[in-house]
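A short reminder: the numbers here are calculations on the coordinates, not readings from a lab. Everything numeric here is computed off the predicted structure, so don't read it as measured data. Please note: Cβ atoms are built from the backbone with ideal geometry, for glycine as well, and neighbour counts cover all protein chains shown.
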Number of protein chains: 2
Amino acid sequence: MQGTCSCSGSIASLRGYQLQQRCRGSRVVTRRQCLRVQAAKTADGPSLAIVGVTGAVGQEFLRVLKERDFPYSNLKLLASARSAGRTVEWDGGSYTIEELTEQSFGDVDIALFSAGGSISKKFAPIASDAGCTVVDNSSAFRMSEGVPLVIPEVNPDALKGVSAGKGGIVANPNCSTIIALMAVTPLHRLAGVKRMVVSTYQAASGAGQAAMDELELQTREALDGKPITQNIFPFQYAFNLFSHNSPMTGNGYNEEEMKMVKETHKIWGEPDIAITATCIRVPIMRAHAESINLEFERDVSEEEALEALSKAAGVSIINDRAANRFPTPLDASNQDDVYVGRVRRDISRPDSRGLDLFVCGDQIKKGAALNAVQIAELLL
Amino acid sequence: MQGTCSCSGSIASLRGYQLQQRCRGSRVVTRRQCLRVQAAKTADGPSLAIVGVTGAVGQEFLRVLKERDFPYSNLKLLASARSAGRTVEWDGGSYTIEELTEQSFGDVDIALFSAGGSISKKFAPIASDAGCTVVDNSSAFRMSEGVPLVIPEVNPDALKGVSAGKGGIVANPNCSTIIALMAVTPLHRLAGVKRMVVSTYQAASGAGQAAMDELELQTREALDGKPITQNIFPFQYAFNLFSHNSPMTGNGYNEEEMKMVKETHKIWGEPDIAITATCIRVPIMRAHAESINLEFERDVSEEEALEALSKAAGVSIINDRAANRFPTPLDASNQDDVYVGRVRRDISRPDSRGLDLFVCGDQIKKGAALNAVQIAELLL
């Protein structure tokens, strides 16, 4: 698809690295979305590390780096001692997984972390002190003062002053927050969101590869009439759904729900936006869906909303009422974009200041690995 | 469980039939819930007919009638010519399915219809004219002037003047409406619902037995890496979810969503309540879930709400925050009650006039067959 983009400036320079455009057929894309890193292994690229390379997101980091031809001079794969010594074939090279230690980061410019909150809490500051810039997929630092929490299409300016090889931690938001805000931010810019009521339909992948494996195993067992194996969740997941497994907080919301509230406030820089969320795990493999009800500062038409969404980077619209065709998790699976549909005036608001929409996004990709790699691109 | 109820009056008479109490362990139940019909086949019971006995709901009618020992003097099983002649064993007897004709209802006191809207439209008035009282599970007459639309726990008074063997049509509400209102009505009585934002997680059973079969078949195919068979829905259902398959209406809401709005207005007799709904089909077999956000006329505490729900007939509470244990579709499957949990103050409303909750109910049972049989009990 390279070279087919219609926007101007096929080669541009951003922070010292070569960039070229990348477009997707006839989809409307913005200038920012068209920028992409050109080369892969290159002597003047940054030295990269992936922490937690054996996990679902760690594996996706590798795929996304390759898909986007992310420039790198060196790649270090880090994991626990248990995985150290295993070999990974990637981009024509063979890489041996090394054990993550306090000495891992001296020669690393950018580290992508996805090994859980406790690993991030311990090793991200060590990496940063060693001059490595960390993009952290865990929730460990998301709400920390001074740590940018970034969706590149939404608040790239939060990365001002942060760059590869200079140390510092950048937090990748929670998957549900990213997927919601990809769709809602263009509408917020259009008419000012006052209140948001979200119900999620979340995939197994958010709980890791083991949860995906358990869903598959349980589904086979259920179909065969066998007893259900329960290692990850305390109840049956196959042909069932349940309130999100994150810990409860004092107000009766679980942590996943509170992440949507607090992270949205931080990313938008607007702590007064009213948000309530109900997060539910459904028997889907890797893409989240979200039903979102929005109240705006002013009245908004469906046409205006669809126009704003059609211009938004990283957003695709599937909204064919005649064919009853709207986004599904399978549409979004393995895709970069967040898909939006069911865009309609909220009939419960006579003041026309409400919209309902339905959003699907790949949890591992835009909800995690892709967003982190996009942040890394902005560090170059 | 009979005889263990703590409420008074173990035997009562209602409209000429013997009733006895029925309770479920230590669950709080109301007097109304405890009333149940005692006998099964009895000379002074009504003559019954089931129209559409071969469908998922038709089959459930038979199970529920037996479970509740519904009194009957005669039972007629009606279906299309295709199924006529087949034999059904039930309650110790053998019944031959008869073809539904205009002459089917002359000797019938109560007919339970679940054979689709067009069959109801044609045959329910014929049955009524013949003196048979129809309880119709289709949407054909729900919004018709003069046709009671009834959830027995919510608006039994709408049945005033209607009784078995006198003709007339009573409509059974849509499954999603019944399940929502079982949970929301006690709260509406408590503090007056002003606005309701609902997102549903709807089971295959709402689209009939064939949809359940297709979900199972597709799931096997997906696990085996085979091509997916698509007869009922135009896209993959296994490990996927999609906007409800009912037809779109002019305002961008589908018919299922508009049923929730209009039926709630009729059942509560309050056409001004603001409601928006997003209806989604999830890969679950037979119980619906609903995420419900409520705005009230006054502030409501979680304690008040739980107290009201604990006293509500047909409602069970699963709301264990410490154990992160809330209702799931599997909890509700094959159960009479609607299960409610995640009851919490809506933090997006500083005026404390909001609650969020999560509700699960069996689509075939309380969402269809059980509710219809409960209506029939009130006709005796």
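Please sort by residue number the trypsin sites (Lys or Arg not before Pro) in region B:289-355 whose DSSP state is loop and whose Cβ has at most 15 other Cβ atoms within 10 Å.
On the way: sites: B:R298, B:K311, B:R321, B:R325, B:R342, B:R344, B:R345, B:R353; in loops: B:R298, B:K311, B:R321, B:R353.
Answer in residue order: B:R298, B:K311.
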(request) Taking the Cα centre of region A:186-248 as origin, sum charge times position over the Cβ atoms of Lys and Arg (+1) and Asp and Glu (-1), and report the length of that vector in debye to the nearest 20. (result) 560
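Using 1/(1 + (r/R0)^6) with R0 = 56 angstrom and r between the beta carbons of A:T42 and A:R298, what's the FRET efficiency to the nearest 0.05? Each step should come with its number before you reach the end.
Numbers: r = 49 Å, r/R0 = 0.87.
Plugging the Cβ-Cβ distance into 1/(1 + (r/R0)^6) gives 0.70.
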(message) Positive end of the dipole of the protein assembly as shown, charges at C-beta (+1 Lys, Arg; -1 Asp, Glu), about the Cα centre: which of A:S205, A:V51, B:V343 has its Cα farthest in that direction?
(response) B:V343
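Pull out a ≥ b ≥ c, the square roots of the eigenvalues of the alpha-carbon gyration tensor of chain B, then state rounded if a/c is under 1.5, prolate if not and a/b is larger than b/c, and oblate in the remaining case.
Cα axes put chain B in the oblate bin.
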(message) Against the empirical 2.2 N^0.38 Å scaling, what ratio does the C-alpha Rg of the protein assembly as shown come to?
(response) 1.04
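Order the peptides A:46-56, A:92-102 from the highest to the lowest mean number of other Cβ atoms within 10 Å of their residues.
Details: A:46-56: 24.1, A:92-102: 14.2.
Sorting A:46-56, A:92-102 by mean packing, highest first, produces A:46-56, A:92-102.
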(request) Output, in nm with one decimal and in ascending order, the distances from the B:D91 label point to the matching label points of the other copies (7 Å from Cα along Cα-to-Cβ). (result) 7.3
(message) Taking R0 as 51 Å, what FRET efficiency do you get between B:N324 and B:A130 from their Cβ-Cβ distance, rounded to the nearest 0.05?
(response) 0.40
(message) Of all beta bridges DSSP finds with both residues in the protein assembly as shown, what is the antiparallel percent, to the nearest 5?
(response) 55
(message) Rounded to whole Å, give me the distance from the Cα center of region A:254-281 to that of region B:41-110.
(response) 52
(request) Enter the mean number of other protein chain beta carbons within 10 Å of the beta carbon of each residue in B:242-248, as an integer. (result) 5
(request) Starting from the amide H of A:A111, placed 1.01 Å from N in the peptide plane, find each other amide H under 5 Å away whose residue is 5 or more places distant or on another chain. (result) A:A49, A:T133, A:V134, A:V135
(request) Name the residues whose placed amide hydrogens come within less than 5 Å of the amide hydrogen of A:V88, ignoring near sequence neighbours (fewer than 5 apart) on the same chain. (result) A:Y95, A:T96, A:I97
(message) Using alpha carbons only, how many angstrom separate the centre of region B:150-198 from the centre of region A:284-363?
(response) 32
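Starting from the eigenvalues of the Cα gyration tensor, five times each then square-rooted, give me the equivalent ellipsoid semi-axes of region A:53-210, largest first, whole Å. Let's see the in-between values first.
Details: eigenvalues 167, 69, 47 Å².
Ellipsoid semi-axes (Å, largest first): 29, 19, 15.
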(request) Using θ = phi - 60° and the Karplus relation 6.51 cos²θ - 1.76 cosθ + 1.60, list the HN-Hα couplings for region B:182-195 in order, rounded to whole Hz, with x at every Gly or Pro. (result) 4, 7, 7, 4, x, 6, 4, 5, 6, 9, x, 6, 9, 8
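Using just the helices of chain B, give the 222 nm mean residue ellipticity in deg cm²/dmol: DSSP H runs with n ≥ 4 each add -39,500 (n - 2.57), and the total is spread over all residues, rounded to 500. Walk me through the numbers on the way to the answer.
On the way: 9 runs with 97 residues, N = 380.
Calculated mean residue ellipticity at 222 nm is -7500 deg cm²/dmol.
List, in the order given, every pair from A:K76/A:K122; A:K311/B:K226; A:K166/A:K194; A:K122/A:K160 whose Cα-Cα distance in the structure shown is over 27 Å.
Numbers: A:K76/A:K122 19 Å; A:K311/B:K226 38 Å; A:K166/A:K194 38 Å; A:K122/A:K160 25 Å.
Over 27 Å apart, Cα to Cα: A:K311/B:K226; A:K166/A:K194.
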(request) Take every residue in peptide B:231-241, count the Cβ atoms of other chains within 10 Å of its Cβ, and give the average of those counts. (result) 5
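Quote the charge dipole size of the protein assembly as shown about the Cα centre in Debye, to the nearest 20; the model charges only the Cβ of Lys and Arg (+1) and of Asp and Glu (-1).
Numbers: 80 positive and 88 negative charges, 36 e Å.
Approximately 180 debye in magnitude.
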(message) Place a point 7 Å from the Cα of A:D224 along the Cα-to-Cβ direction; which residues of region B:206-235 have their backbone N under 13 Å from it?
(response) B:224
(message) I'd like the Karplus ³J(HN,Hα) series for region A:275-286: coefficients 6.51, -1.76, 1.60, θ = phi - 60°, whole numbers in Hz, and an x wherever there's a Gly or Pro.
(response) 9, 10, 9, 10, 9, 10, 8, 10, x, 10, 7, 9
(request) Considering only chain B, pick the residue with its Cβ nearest the axis of the rotation onto chain A, and state the distance in whole Å. (result) B:S199, 2
(request) Nearest 5 is fine: what % of DSSP beta bridges in chain A come out antiparallel, could you say? (result) 55
(message) Highest mean first, how do B:222-235, B:175-188, A:246-259, A:360-373 rank when packing is the count of other Cβ atoms within 10 Å averaged over residues?
(response) A:360-373, B:175-188, A:246-259, B:222-235
(message) Can you say what percent of the DSSP beta bridges in region A:245-374, counting only those with both residues inside, are antiparallel? Round to 5.
(response) 85
(message) Give me the inter-chain shielding for A:352-358: mean count of other chain Cβ atoms within 10 Å, whole number please.
(response) 3
(request) With springs connecting C-alpha atoms under 10 Å apart, model chain B as a Gaussian network and identify which of B:P148, B:P350, B:P173 has the largest mean-square fluctuation. (result) B:P350
(request) Per residue of region A:291-300, in order, report the coupling 6.51 cos²θ - 1.76 cosθ + 1.60 (Karplus, θ = phi - 60°) as ³J(HN,Hα) in whole Hz, putting x for Gly and Pro. (result) 9, 10, 10, 10, 10, 10, 5, 9, 6, 9
(request) Jot down the radius of gyration and Dmax of region A:177-364, Cα atoms only, both in angstrom. (result) 17.4, 55
